[in-house]
Structures are given as C-alpha cells and as structure tokens.
Amino acid sequence: MDVERRDKLYEGKAKIVYATERRDAVIQYFKDDATAFNALKKGTIVGKGVVNNRMSATLFERLAKARVPTHYLGTLSDREMLCRRLDIIKIETIVRNVVAGSLAKRTGLEEGTPIRQPIVELYYKSDALGDPMINDDHVRMLRLGTPAELAWMKRMALRINGVLRPHLRRRGLLLVDCKLEFGRAGRKLYLGDEISPDTCRLWDAGTGEKLDKDRFRRDLGGVEEAYQEVYRRVVLGERRA
C-alpha cells in the first residue's frame, strides 16, 4: 500500500496522526509512550505501539466481517495504520461486562463481579476536565451529538462488545470492559481510535491475571510481558502453555 505521509495533524498520549495525499485518509502512528490518571503518570511500555497497531488491525478486520463500520483502511507497517479521516465525537463510550476500576469505586461492588447484562457508560472526552462521566442530557446540553447519533453509538457499542467478547474468550481472554470512540465522515458514523490493552481491560480467562494497561497504572510489573502475551493470543493465535 503506497501512501505518502505528510504533515503532522495531531499528537496525543499514545498516537500521532499524519495527513496523506488523500483528503479522506490519515496515517495513525502508534507510540510506546504510556500515560495514566489523565497523564499524571507517564512512562514507556517497550513494543506497545507495535502490539496496539497489529491488535487493532486484527480486531477491526474481525468487526468488518460483522458489518461494523470502522475507520481502518489498511496496515502500512508495524506502527502505522491507514485510516479513514474522521471528525471524532467527543464522547468516550465504555462497555462493561465485569466490575472493575472506577465502577467498583462508584458502586462499592467487588472488582471481578460479573455484570449480567453489559452496561454502557458515557464520558466527556476532555483532558482539561479529566474525562468526566456524563449522561444523555449532558450530551444534548453540550451539543456533542444528536439523539440519533447517540442512540446509534450505544447500539453499536453493544454490538461491538457482542462480537469481541466471544472472539477474545476463544483466545483465553476475558473482556472486562472496553473504551470506544466514534467519529463522523460526511453523514456516516464509524468506529475510530484503537482496540488494544490500552483501551480494554483484558484478564486471563482462567486465572484472572490482568493483561492490560492496569499493570502500568497499578505498578504490578510485567507490563511488556502482558502486552506481548495478548499479542500472541490475538494476533498470532497462540495460547500460553
């Protein structure tokens, strides 16, 4: 795939976005930089960019087979992905299957408690405000999206969860929760961003071992090894002996 990388459009905590000669396409470059707690904690996870790029590509391709519209257009290198250019909606949509993280703190439920029916939460995508949790009324007040767009995003988030959850389970991974971002291209909406151990909580289905960014957040050690283990299972199709 021959695409020319042009000016840098944006640099975030984990990725850099570059323009291309195509007005409708950008290059998404995955970095090894790691942040947590709204960038109060910073570090490096060696090889993370490769894992996240390859895993995202693999799962975007799986979702495409399920007719989920995504921004993924192709893989350019170990760290570069060609994507449809989107106007990102400033809402982080989180689907939860198991109680963990902030949900445990807010509800008092023990981490690891299964959720019978997956729940969808919305967060205002704003570093300055610390990405606060919001509801449908806030979305309307802030004019982040139309009622139709919000309904589509919630419905699509559950559909994505319904595809990924069994797919990952077959690879020995429990999808605890996942953060999804959507964007507009013309009149259509697409799934954007990435699907990786940065944006998903992934536990070993047998042992409950954390194999995601929580190992960095909580200083659990073995961060690179956890990311590589997820890579082996999801991208290479291998299982731990």
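The values are calculated or read from the model by the stated rules, or taken from the named source; none is laboratory data. Here the structure is a predicted model, which means the values were calculated and not measured. A quick note on method: Cβ atoms are made from the backbone with ideal geometry, for glycine too, and the neighbour counts reach across all protein chains shown.
A few comments on the model shown:
- Answer from Arg218, Arg171, Arg155, Arg187 - the residue that is charged (D, E, K, R) and in contact (Cβ under 8 Å) with a residue 40 or more places away in the chain: Arg171
- Whichever residue in segment 49-90 is β-branched (Val, Ile, Thr) and in a strand (DSSP E or B) and, among such residues, is surrounded by the fewest Cβ atoms within 10 Å (Cβ to Cβ): Ile88
- Note on segment 149-173: residues that are buried (at least 21 other Cβ atoms within 10 Å of the Cβ) and closer than 17 Å to Gly208 by Cα total 2.
- The one condition in (1) touching a residue at least 12 places away in the same chain (Cβ under 8 Å); (2) under 21 Å from His167 (Cβ atoms); (3) touching a Ser or Thr at 6+ places or on another chain (Cβ under 8 Å) that Ala64 fails to fulfil: (1)
- Test: residue in segment 18-26 that is surrounded by fewer than 13 Cβ atoms within 10 Å (Cβ to Cβ), under 27 Å from Leu144 (Cβ atoms) and among the aromatic types (Phe, Trp, Tyr): no
- Flag if Thr35 is in a strand (DSSP E or B) and free of Cβ contacts under 8 Å to residues at least 24 places away in the same chain: yes
- Residue within segment 142-156 that is in contact with a helix residue (DSSP H, G or I) (Cβ under 7 Å, 6 or more places away or on another chain) and polar (S, T, N, Q) present: no
- The one condition in (1) farther than 26 Å from Glu110 by Cβ; (2) in contact (Cβ under 8 Å) with a residue 12 or more places away in the chain that Arg201 fails to fulfil: (1)
- Residue-level analysis places Lys31 outside the set of residues that are more than 30 Å from His138 (Cα to Cα), more than 15 Å from the chain's Cα centre (by Cα) and either outside the structural domain of Phe182 (by TED's automatic domain parsing) or surrounded by 20 or more Cβ atoms within 10 Å (Cβ to Cβ) (or both).
- Which listed residue, of Thr58, Thr20, is among the polar types (S, T, N, Q) and farther than 17 Å from Ser196 by Cα: Thr20
- Close pairs (7 angstrom Cβ cut-off, 6 or more residues apart or separate chains): in a loop (DSSP other than H, G, I, E, B) in segment 106-132, of a type in the set (Phe, Trp, Tyr) anywhere: Asp131/Tyr123; Asp131/Tyr124; Pro132/Tyr123; Pro132/Tyr124
- Verdict on Leu9 being surrounded by fewer than 17 Cβ atoms within 10 Å (Cβ to Cβ) and either touching a Gly at 6+ places or on another chain (Cβ under 7 Å) or without any contact (Cβ under 8 Å) to a residue 24 or more places away in the chain (or both): yes
- Residue list for segment 15-44, restricted to those being at pLDDT below 95, touching a strand residue (DSSP E or B) at 6+ places or on another chain (Cβ under 6 Å) and among the aliphatic types (A, V, I, L, M): Ala34
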